Amino acid sequence: MTQAGPLHWRTGAGWLVLGGGGNWRTGETGDVDAAALGWVYLDRPIAVLLAAGGSSADGEALLDYFAELGGPNGYILPIHGPADAQRTENCQLLAEAGLVYIGDGPDLLGLIHSLRESPALTALGHAFGDGAAIVGMGVGAIALGAWVTDQGIADQIEPGWGWLPGAIVEPHFAGTESSNRLRSLLNTHPDCLGLGIPTGVALALGPNGRVETVGEGQVTVVLGKIDHKSGE
């Protein structure tokens with residue numbers, strides 16, 4: 001694991017980008033998307049994962065958007081459930097990508113269950129180890145953490161993918177409701193810290209312990225009863 005302060009994350013040559021969510025069509029994620037393209041190998045394709053929900057048309061429009069930003073060509077990963085995450089061809093598509101975009105959507109647990117302990121998740125790790133940028137947007141960021149829940153109800157919490165083994169991620173972080181939901185999860189797992197990431201903002205974790213905040217806003221780190229602001 002790579003470490004910066006109290007935060008630990010999976011070691012790799014790429015960047016792990018935890019996005020707070022937002023509508024790319026209206027420019028809310030523009031700063032995050034542009035930064036992510038700056039951390040990729042442009043001779044490797046973009047892979048879009050829509051297992052949390054979203055249509056093929058949405059995925060194709062997203063790929064066109066990245067191309068307009070100067071990104072490489074790409075494809076939509078045909079992973080919509082656990083069986084798809086076992087397929088060798090899908091694992092190959094993940095392993096070859098220079099940027100994997102894990103899209104936001106309404107079905108967090110569907111995303112979690114599709115890839116958990118699968119060959120596809122192993123392939124994602126190989127891509128990250130080889131320098132790919134992994135962008136988890138909204139629920140995609142939640143999935144990369146230690147614990148997840150669909151509605152913020154403590155008794156329904158279950159393991160995430162564990163790329164940040166000591167962290168719980170709360171995207172679209174704004175106001176008292178978000179703070180209370182994150183604190184409720186931390187009360188269930190007091191050994192973790194919470195990352196509150198607002199819409200249009202991302203926490204980017206790079207090689208050798210590099211940490212950057214992208215977008216106009218701050219990431220709130222919640223540890224016990226102490227809050228720390230991280231913004232650059």
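So here's what we get for this one:
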quantity	calculated
Helices (runs of 4 or more DSSP H) contained in the range 74-172 and holding at least 1 residues surrounded by fewer than 17 Cβ atoms within 10 Å (Cβ to Cβ)	88-96, 108-115, 119-129
Residues of the range 26-53 that turn out to be open to solvent by 30 Å² or more (accessible area, probe 1.4 Å), outside any helix (DSSP H, G or I) and closer than 28 Å to Gln218 by Cα, as a count	5
Some residue of the range 122-129 being touching a residue at least 12 places away in the same chain (Cβ under 8 Å) and either touching a Gly at 6+ places or on another chain (Cβ under 7 Å) or closer than 15 Å to Leu7 by Cα (or both)	yes
Selection within the range 183-201 - free of Cβ contacts under 8 Å to residues at least 40 places away in the same chain and open to solvent by less than 60 Å² (accessible area, probe 1.4 Å)	Ser184, Leu185, Leu186, Gly194, Gly196
Failed criterion for Thr176 (all others in (1) surrounded by 17 or more Cβ atoms within 10 Å (Cβ to Cβ); (2) at pLDDT below 95; (3) of a type outside the set (A, V, I, L, M) hold)	(1)
Residues located in the range 77-107, provided they are within 11 Å of Ala51 (Cβ to Cβ) and in contact with a Ser or Thr (Cβ under 8 Å, 6 or more places away or on another chain)	Ile79, His80, Gly81, Pro82, Asp84, Ala85
Residue identified as hydrophobic (A, V, I, L, M, F, W, C) and closer than 22 Å to Asn23 by Cα among Ile134, Ile168	Ile134
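The values are calculated or read from the model by the stated rules, or taken from the named source; none is laboratory data. Since the model is a prediction, treat every value here as computed from it, not as a measurement. When we count neighbours, we look across all protein chains shown, and the Cβ atoms used for this are built from the backbone with ideal geometry, even at glycine. Ligands, DNA and RNA are excluded from the accessible area calculation, which covers all protein heavy atoms including side chains. Shrake-Rupley method; radii C 1.70, N 1.55, O 1.52, S 1.80 Å.
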